[in-house]
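The values are calculated or read from the model by the stated rules, or taken from the named source; none is laboratory data. Everything numeric in this text was worked out from a predicted model, so none of it was measured. For neighbour counting, all protein chains shown are included, and Cβ atoms are generated from backbone atoms with ideal geometry for every residue, glycine included.
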Amino acid sequence: MKRTNADNSASHNRITRRGLLLGGAQVGFMGLLGLRMRYLQVDQADEFRLLAEENRINIRLIPPARGEIFDRNGVIIAANEPSYRITMVREDAGNVEEVIERLSTLVELDESALNRAMAEMERSPRFLPITIAERISWEEMSRVAVNAPALPGVTPEVGLSRKYSHGSEFAHVIGYVGPVSDYDLSKIEDPDQLLLIPRFQIGKVGLEAKLEERLRGKAGTKRVEVNAVGRVMRELDRRNGQPGDDLQLTIDQKLQSYVQARLGDESAAAVVMDCKTGDILSINSSPTFDPNLFVRGISVADYRDLTENNHRPLATKSVQGTYPPGSTFKMVVAMAALEAGVINSETTHWCPGHLTVSNRRFHCWKRGGHGHMNLETALRESCDVYFYELALEVGIEKITEMANRLGLGIRHGIPMSAVARGLTPTKDWKQRNRDSSWVIGDTVNSSIGQGFVLASPLQLAVMTARLASGKAVEPRLVKSVNGIDQSAPPDEIPDLEVNQNHLRMVRKAMYAVSNNRRGTAYSQRIIQDGYRLAGKTGTSQVRNITAAERRAGVIRNEDLPWERRDHGLFVNFAPYDDPKYAVAVIIEHGGGSKAATPVARDITLQALYGGDPPLDAYPKKDRARIKAQQERLRREYPQLNTSDRDRA
Amino acid sequence: MSYLEYSVKTVPTGFSKVLHLNWALVLLLMSVSGIGFLMLYSVAGGSFNPWAAAQMKRFILGMSLMFAIAMVPIWFWRNVSGVLYFGSLVLLILVEFMGSVQMGAQRWIDLGFMRLQPSELMKITLVMFLATYYDWLPVNKTSRPLWIILPILIILVPTFLVLRQPDLGTSLLLLFGGAIVMFMAGLHWGYFAGVIAMGVGLVTAVFQSRGTTWQLLKDYQYRRIDTFLDPASDPLGAGYHITQSKIALGSGGWTGRGYMQGTQSRLNFLPEKHTDFIFTTLAEEFGFVGAFSLLSLYALIIFFCVFSAISNKDRFSALMTMGIAGTFFLFFAVNMSMVMGMAPVVGVPLPLVSYGGSAMLVILVAFGMIQSAHVHRPR
């Protein structure tokens, strides 16, 4: 396309005209920018410089009060209490060493804390306040305040710090808070500005960590005027933040404290659950530790004591520990067999003391054998051979399916650290994880809760609660948030979807365990009508019994070193007629179920009576011993003596 | 007017092209980038890492690209402008689907060695393609309504895509960059008056729609507008940026606190101190003198570009040069206005100074185009 010359020059002229116009407009706008620059930087410079320096207006965060934690009756578990600390701004202090020197004559300064503060000061900007001393007394704080003129850059501050009033009993549930670390920050995308405050306290483990966001709240802000040495002159305005949510737990502090005392120094765990709602009334792991140590910053020696203890106080055995459930797993096998239609209440099997499956001999715990066994007698006397036979008929897949339905092999969603999933094995699982195929012996081992099967005390409590109520209850730890009840209406809890008659048969057999003269837990029964318990004993082996050992006679547990003794387990629910509570107890290396049964009975009665039970709930021959035990516990654990008047 | 009518013989060839480059412009670009390195070194607390060194590497790469592009005749670039435009359009659509999500906005395609921001690329290719269009279109048809529809589509399609990412700043730059080319091409005044009237209407609609079901902007964008209108309303949120930025700027005074001595901008008050808010550091450390000098350097860049454009008899070259210069102007004008509290906070970097790889490269590539137009101008 050819254009005429006139066209060309017209177009060029227009471009020149508009180009100059546009260029002019741009230069004009730049002129405006220049004027604005001049206005801000020259005309208003003094004002801004003043703002920036002499009377800097600082925007400061007001940390929100962390949500407090209460038990189901309103007893405070985790509180905020005022604490005094001293902070220092390097920029304002001038000669840091000299100021610290002077400060040390007024306040006792911890050497290691001071070194940490100095290192932190090196790293951070000159204007940031660094904490030099924490948790100082009111007297020390006032001495610093009085001597303020001689201590430039030093400010005494009041803050809130966490206090766990029933510390050791709740250590595994609540966990503890600690100063935010770089590692914590690296895990959070887009962290809240609060977390950037040096040594801001956040939940480290347990519920404090799991529900951190709810407990933390939202920061408020205040604008303050500070003078040349960084001292706050006045507060201009403030915008209040939002305090963290107050949580009420389902746990009953009184019961929790009792259970902790009852477990004593054993390496053990116990869970008490409401059969109908899933409320966890107590969940203990023993031995325990004082979480307040961690809040203050635990000393190396204390920490070493905790980590080197072979009873592992830091482990949350109630949810984190997984154990072969032993004979407590037999209810699962029984339910699977009943549901599959393989047996009914009349079906019997002969127990000669052992069963040979593909050339391998599997023994019953009773060497002489039990003779003819039906479902009730087999559960009652915990006959192994009977359940071997059931498992061979039902197959592992159906057993695992039933175990999952009863809450084993499932990670329950409660806000505690390291909640374990346990293990309910399948053929697939073994192929994938053990790289070998499932053999029939694995099924036989699983039927008595040995082999690959693993469950946590929490899961065993859930299993028992589901057997007792026939409902698929889920464990629940938080009762209400800011006073608003979180519980689901009872009719919303789904049914277990098994034949109720089958459940009744299993419950009846469990009743026989504790109340029939031949039951394995008969000696630890409750004789008060309306309070009777139904349970199941379990012993889980930590070692294999070799054929040679068996010939020589199995070594008695008492003769073994502690860490090779059997775990003792007991699960139960009570009262039998109208189940309220499900209890699961495990005593690590207790030497068999007899270690767990009395503990479970005491805990059950304590829960049913809401305090020490009357002695006539116990069989006559036990009463003197129980009375002595109650008195000993009250003496050794003064926290059990808090009366109802102390409750909030 | 097109090159078809000029004798190519008068255009310098071979190595002599280097002599005909617009060296004044090259020097200006180097000075502005140099200021950028100084500031990045300063905000990093006196360290080449993490920003200054990386920025320098990209500057060297960008400069090489600029020279390479300048050596290629401008008519080649005009001929491929359509391909470039549609290429960047495809990339823009790609980021909608495979761009990695960062900072809440999909803007990047990860090429492995760098992240490509197609919206940046679009800023040049859009201007070039529009210039090609108006070079092809007979001048007397420029203002005919039928012939306006196509350029409007050319502008609006990428603008809409970028707005969806969402990147309000860049989409505004695209819109205005395109409008500048149309204006330069000689579109009738009336159209601009009409669009301005519609713009006012739209702004009204945007405010009216707030809180209703057909809300036109994101909540955070409304908050930014609120904050702009009243910075004190949210002192710790977005208004905080403006307030702190003004304090930093103002405390610079005439001559500033001295290099590396700025306190306000260094105190981490501003989270984007190495990108969008880098001007505050300059203004605080070098004062009015420093800030005004940077503004003057920018003004000189615009001056040389406008001069190069109006003295270029090739219609495509003139339109493209003005379009690119206009976009460049919008970059720093919007950024400075924002930092000085004259405009809401929209994420637009200070060109050549703010830290940012693809922005730096794209700007230098764009100036490569201007240089090519300058070298190969009809004589």
Residue match in segment B:284-307 (condition: touching a Lys or Arg at 6+ places or on another chain (Cβ under 9 Å), surrounded by fewer than 24 Cβ atoms within 10 Å (Cβ to Cβ) and not in a helix (DSSP H, G or I)):
no
From the set of residues in segment A:331-358 that are assigned to a loop (DSSP other than H, G, I, E, B) and not β-branched (Val, Ile, Thr), which is farthest from A:Asn404 (Cα to Cα)?
A:Pro352
Might you let me know whether segment A:288-303 holds any residue that is modelled with pLDDT of 90 or more and farther than 21 Å from A:Ala209 by Cβ?
no
Can you name the number of the only condition in (1) among the aliphatic types (A, V, I, L, M); (2) modelled with pLDDT under 80; (3) touching a strand residue (DSSP E or B) at 6+ places or on another chain (Cβ under 9 Å) that A:Ile77 fails?
(2)
So the helices (runs of 4 or more DSSP H) completely within segment A:420-487 holding 2 or more residues that are within 29 Å of A:Arg504 (Cβ to Cβ) are A:440-447, A:457-469
Every residue in segment A:473-501 that is modelled with pLDDT under 90 and closer than 30 Å to A:Gly217 by Cα, please.
A:Asn482, A:Gly483, A:Ile484, A:Asp485, A:Gln486, A:Ser487, A:Ala488, A:Pro489
Residue within segment B:344-367 that is within 14 Å of chain A (Cβ to nearest Cβ) and closer than 27 Å to A:Arg14 by Cβ present:
no
Looking at segment A:161-185, which of its residues are touching a Ser or Thr at 6+ places or on another chain (Cβ under 7 Å) and within 21 Å of A:Gly217 (Cα to Cα)?
A:Ser161, A:Gly175
Only one of B:Leu150, B:Leu126 that is part of a helix (DSSP H, G or I), modelled with pLDDT of 85 or more and more than 15 Å from B:Ser81 (Cα to Cα)
B:Leu150
Quick one: which strands (runs of 3 or more DSSP E) lie wholly within segment A:234-294 and hold at least 2 residues that are within 27 Å of A:Gln201 (Cβ to Cβ) and touching a helix residue (DSSP H, G or I) at 6+ places or on another chain (Cβ under 7 Å)?
A:280-286
For the condition of a type in the set (Asp, Glu), closer than 21 Å to A:Val319 by Cα and at pLDDT 85 or above, what is the one hit in A:Glu631, A:Glu588, A:Glu563?
A:Glu588
Quick one: which residue in A:Ile136, A:Ile69 is modelled with pLDDT of 85 or more and either over 33 Å from the mean Cα position of the chain (by Cα) or not polar (S, T, N, Q) (or both)?
A:Ile69
Residue pairs, Cβ under 8 Å, 6 or more apart or interchain, first in segment A:622-641 and surrounded by fewer than 16 Cβ atoms within 10 Å (Cβ to Cβ), second hydrophobic (A, V, I, L, M, F, W, C). List them.
A:Arg623/A:Leu615; A:Lys627/A:Leu615; A:Arg634/A:Leu640; A:Glu636/A:Ala261
Return the only residue of A:Ala113, A:Ala117, A:Ala93 being over 19 Å from A:Arg296 (Cα atoms) and small (Gly, Ala, Ser).
A:Ala93
Any residue that is in a loop (DSSP other than H, G, I, E, B), more than 14 Å from chain A (Cβ to nearest Cβ) and modelled with pLDDT of 75 or more - is there at least one of those in segment B:202-211?
yes
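Results for (1) outside any helix (DSSP H, G or I); (2) within 9 Å of another protein chain (Cβ to nearest Cβ); (3) under 25 Å from B:Ser354 (Cβ atoms); (4) at pLDDT below 65, shown as yes or no for each residue.
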| site | (1), (2), (3), (4) |
| --- | --- |
| B:Thr213 | yes, no, no, no |
| B:Leu216 | yes, no, no, no |
| B:Tyr240 | no, yes, yes, yes |
| B:Gln244 | no, yes, yes, no |
| B:Ile247 | no, yes, yes, no |
| B:Thr255 | yes, no, yes, no |
| B:Gln261 | yes, no, yes, no |
| B:Gln264 | yes, yes, yes, yes |
For segment B:173-195, which positions are within 14 Å of another protein chain (Cβ to nearest Cβ) and out of contact with any Leu (no Cβ under 8 Å at 6 or more places or on another chain)?
B:Ala179, B:Gly186, B:Leu187, B:His188, B:Trp189, B:Tyr191, B:Phe192
Residue by residue through segment A:493-542, note down the ones that are farther than 14 Å from A:Leu375 by Cα and among the aliphatic types (A, V, I, L, M).
A:Ile493, A:Leu496, A:Val498, A:Ala521, A:Ile526, A:Ile527, A:Leu533, A:Ala534, A:Val542
Filter result for B:Phe328 (part of a helix (DSSP H, G or I), within 11 Å of chain A (Cβ to nearest Cβ) and crowded, with 24+ Cβ neighbours inside 10 Å):
yes
Just for segment B:308-320: of the residues that are within 9 Å of chain A (Cβ to nearest Cβ) and in a helix (DSSP H, G or I), which one is nearest to B:Trp23 (Cα to Cα)?
B:Ala309
